[in-house]
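The values are calculated or read from the model by the stated rules, or taken from the named source; none is laboratory data. Being a predicted model, the structure only gives us computed values, none of them experimental. Note that each Cβ is placed from the backbone with ideal geometry, even for glycine, and that neighbours are counted across all protein chains shown. These area figures cover heavy atoms from the full protein model, side chains too; ligands, DNA and RNA do not enter into them. Shrake-Rupley method; radii C 1.70, N 1.55, O 1.52, S 1.80 Å.
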Amino acid sequence: MKKERKAVREKKKAPFDEGYALRPMVFATVIVNDGQASSIGKMILASGASFFLSMHGKGTASSDFYEVFGFGNQDKRAFFACMPSNVYRSLRGELAKRFAVSNYAKGIAFATNIESFVGVAAYRYAANLRYLEPKKERPEEDKAMNDEKYACIYAIVNDGYTDIVMEAAKKAGARGGTILTAHGTGNKDIERFFGIAITPEKEMVLILVREEIKNAVMEAIYRDAGISTKGQGIVFSMPISDALGLSGEESGGEGADGDAR
């Protein structure tokens, strides 16, 4: 009897992924013209995602570009959502159809692989699972949906310095980006140690680039708007497992890297 109780206790302590299959998960980002927001939000939920976050942003293309190509204004809407990779695959297909409808409906979408979740309940909610799957039913890993490798560069700078970021990025080979407004809060002890006062008004620039120019773009941004400059920029990147709507893609048309046009 004691041995049986001990076995039950040890089983309860075993890591969740030893007894149950974990679905491959991605963090998906979709950036479109602001007028498309309602339709895209409904599309994300209809694909099987359990939730999404939405933020207002602006594109970095010139006003002349938007006028000539009929893309409307520069107001953008960025959507962020955690979802299983098979759900993203379904959403990607619907987005590709929508992006191909007209110039105004164009946008970009990309996904980053999620390595782990904290909490079984959080994982089940994000994966939209009503029940847990035994280990033996682990779904097969999805293959990459496009061959080209991309990275998303994130540059967080003081308000008013995004023009410097984009000028540096474009000189290094990037073709566009999306700017999101944010509010920063600094750790006072760290600020005193480094001698840098963090201003609360921040802007975050998302720039999608091909992997081969990532380092050059990041170095250029940091040189002109890095932490030691007035822009006080922090620059980092994340690998992208899939990208849709960029130059040369079937539904991306003339859209530029990193800019949902």
For LYS76, other-chain or 5+-apart residues with amide H closer than 5 Å (H placed, Pro excluded) are ASP34, GLY57, LYS58, GLY59
Simple spin-label estimate for GLU167/THR229, 7 Å along Cα→Cβ, in nm, reads 0.9
What list of ³J(HN,Hα) values in whole Hz, one per residue of the range 34-49 in order, does the Karplus curve 6.51 cos²θ - 1.76 cosθ + 1.60 (θ = phi - 60°) give from phi, with Gly and Pro shown as x? 4, x, 8, 4, 4, 5, 5, x, 5, 5, 4, 5, 5, 6, x, 6
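If you stretched the chain out fully between ILE190 and GLU219, how much longer would it get, using 0.36 nm times the residue separation minus the C-alpha to C-alpha distance?
Working: separation 29, 0.36 × 29 = 10.44 nm, distance 2.39 nm.
Residue separation times 0.36 nm, minus the Cα-Cα distance, leaves 8.0 nm.
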Between MET238 and ALA182, what is the label-to-label distance in nm when each label sits 7 Å out along the Cα-to-Cβ direction? 1.1
So, with points 7 Å from each Cα along the Cβ direction, the ALA121-ASP75 label distance in nm works out to 3.8
For the ranges 106-114, 231-239, what's the packing order if you count other beta-carbon atoms within 10 Å of each residue, average per peptide, and put the highest first? 106-114, 231-239
If TYR123, TYR161 are ordered by their accessible area, calculated over protein heavy atoms with a 1.4 Å probe, which sequence runs from highest to lowest? TYR161, TYR123
